[in-house]
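Only the coordinates and a few stated rules stand behind these numbers; no lab work does. The model shown is predicted, which means the values in this text are computed figures rather than measured ones. When we count neighbours, we look across all protein chains shown, and the Cβ atoms used for this are built from the backbone with ideal geometry, even at glycine.
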Amino acid sequence: LALASRLSTIDNIIINNPCLRTETMNQSPPHHSKTLFEKKDGVSLVATILSSSSSSSTSDDDDHDGIILTLYLHRHTEKNVINPTMISLLVQALHVIDTHPLLSHTNNKSLIITGIDHDDLKICKFFGNGLDLEWMMKASNNQSNTNGGAAAAAAVSAATKNENPTSRMIEMFNSQVLAKILTLPFRTVAAINGHCIGAGLFLALACDYRFMRTERGYIQWPEARLGMRLTKGFAELSKDKISDYAVLREGLLTAKRYTSREALAAGIIDGEYPLEELYSAAFRFAVEGLPEASDNPLEYFDPKAYTEMKMEIWCTSYRALKFGKVSDLPHSRI
């Protein structure tokens, strides 16, 4: 109820802002937006520049009321699986967030990560379908007739003993993507548009907040079903972000598939919405989280201190993601 009340307040901002009102409610990127990074059939980064002006565009992008960044995952034919190509694209997009002049000159920003395709909602079936099992099998030169899940589990098992392509891929994902998102100096929101499994779930858990579509899609830690261990980075991130031990036990040890309703009740996500409303809800919540938001401004906001605060809150998972190795023993301390 508290979340619904806060989002209602943000509705008023959108209703009174012609730059946002029509297109946000129709699930299209709001009017005054700029594409900062784009790879066809890959990843794109769009900046929505909020303005109190009634004009839909402005020549002075330094004069704004905040920037909402949206990191779109649209490798739909590959179900947004995590492989070296996806990781490289994510790293490039995160670098743009760090260095683009439009963004480096303001602290007043938030980030949404989603697999939504505004032009065709029907293809938005996956937020992230885990690690790329096919790539892992090829990288490990597995030529057996073993099914994909078992072969991938064998690849991860081998990675926990010796450095190999799979271990290097997971460590790059952990250290350069998850650890980075976990400690970004602004609000981060995952708009989970479909199935959110394994590495896709860890990407969502790295965000501060998670909203999920209703009716279709589920959240799952699939490791127990696939016969593989979590590895330290994924385990510590799960423990830091899931406060209810009973949920952690159920999710990890039974590989339960959570619907949006079940995930909300379990505290894995913070809200559920029909797909047509998901981006709007995430957008409104991102606006609310701007450091200079009128309802709850952070008067002396310092991005360095904000990042350090996140490191302090999620210290164990940050250390495991940033510095851990896939080969670290299950009982080791990072």
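Given just the C-alpha atoms of the stretch 254-301, how large is their convex hull per residue in cubic angstrom?
Considering the Cα atoms of the stretch 254-301, their hull volume per residue is 110 Å³.
Using θ = phi - 60° and the Karplus form 6.51 cos²θ - 1.76 cosθ + 1.60, what ³J(HN,Hα) does each residue of the stretch 103-108 get, whole Hz, x for Gly and Pro?
Calculated HN-Hα couplings, in order: 9, 6, 9, 9, 9, 8 Hz.
Of all alpha-carbon pairs in the stretch 207-334, indicate the percentage at a distance above 25 angstrom. Spell out each step's value before the answer.
Details: 3249 of 8128 pairs.
Tail fraction, whole percent: 40.
Under the rule of at least 5 residues apart or a separate chain, name every residue whose amide H is placed under 5 Å from the amide H of K109.
Hits under the 5 Å cutoff: I67.
Net charge near N193: determine it from the other residues with C-beta under 10 Å of the C-beta of N193, scoring Lys and Arg +1 and Asp and Glu -1.
Working: positive: K125, R213, R216; negative: D117.
My count for the surroundings of N193 gives +2.
Sort 311-323, 68-80 by packing, meaning the average of other beta carbons within 10 Å per residue, with the highest value first.
68-80, 311-323
Tell me which of T254, S238, L226 sits at the most positive position along the dipole axis of the stretch 225-264, charges placed on C-beta atoms (Lys, Arg +1; Asp, Glu -1).
Result: L226, furthest along the dipole toward the positive end.
Using a Förster distance of 30 angstrom, determine the FRET efficiency expected from the C-beta separation of T307 and E134, and round it to 0.05.
The calculated FRET efficiency here is 0.25.
Quick one: which residues, 5+ away or cross-chain, put their amide H under 5 Å from the amide H of F126? H built at 1.01 Å from N.
H195
May I ask for the net charge around G267, where only other residues with Cβ less than 15 Å from the Cβ of G267 are counted and Lys, Arg are +1 while Asp, Glu are -1?
-1
So what is the relative contact order for the stretch 217-334, in percent, with contacts set as C-alpha pairs under 8 Å and at least six apart?
With pairs under 8 Å counted, the relative contact order is 35 percent.
Can you list the HN-Hα couplings for the stretch 122-139, worked out from phi with the Karplus curve (6.51, -1.76, 1.60; θ = phi - 60°), rounded to whole Hz and with x for Gly and Pro?
Values, residue by residue: 5, 8, 7, 8, 10, 7, x, 9, x, 5, 7, 5, 5, 4, 4, 5, 5, 5 Hz.
About its Cα centre, what dipole magnitude does the stretch 165-304 give when the only charges are +1 on Lys and Arg Cβ and -1 on Asp and Glu Cβ, stated in debye to the nearest 20?
That gives the stretch 165-304 a dipole magnitude of about 760 debye.
What does the charge count near M172 come to, summing +1 for each Lys or Arg and -1 for each Asp or Glu among other residues with Cβ under 14 Å from its Cβ?
Working: positive: R168, K180, K322, K325; negative: D132, E163, E171.
Local charge sum for M172: +1.
Straight-line reach from K256: which lysines have a Cα under 21 Å away, not including same-chain ones fewer than 8 places off?
Once the sequence-local lysines are set aside, what remains near K256 is K79, K125, K232, K239, K241.
Find the centroid of the Cα atoms in the stretch 263-290 and in the stretch 66-106, then give the distance between the two in whole Å.
20
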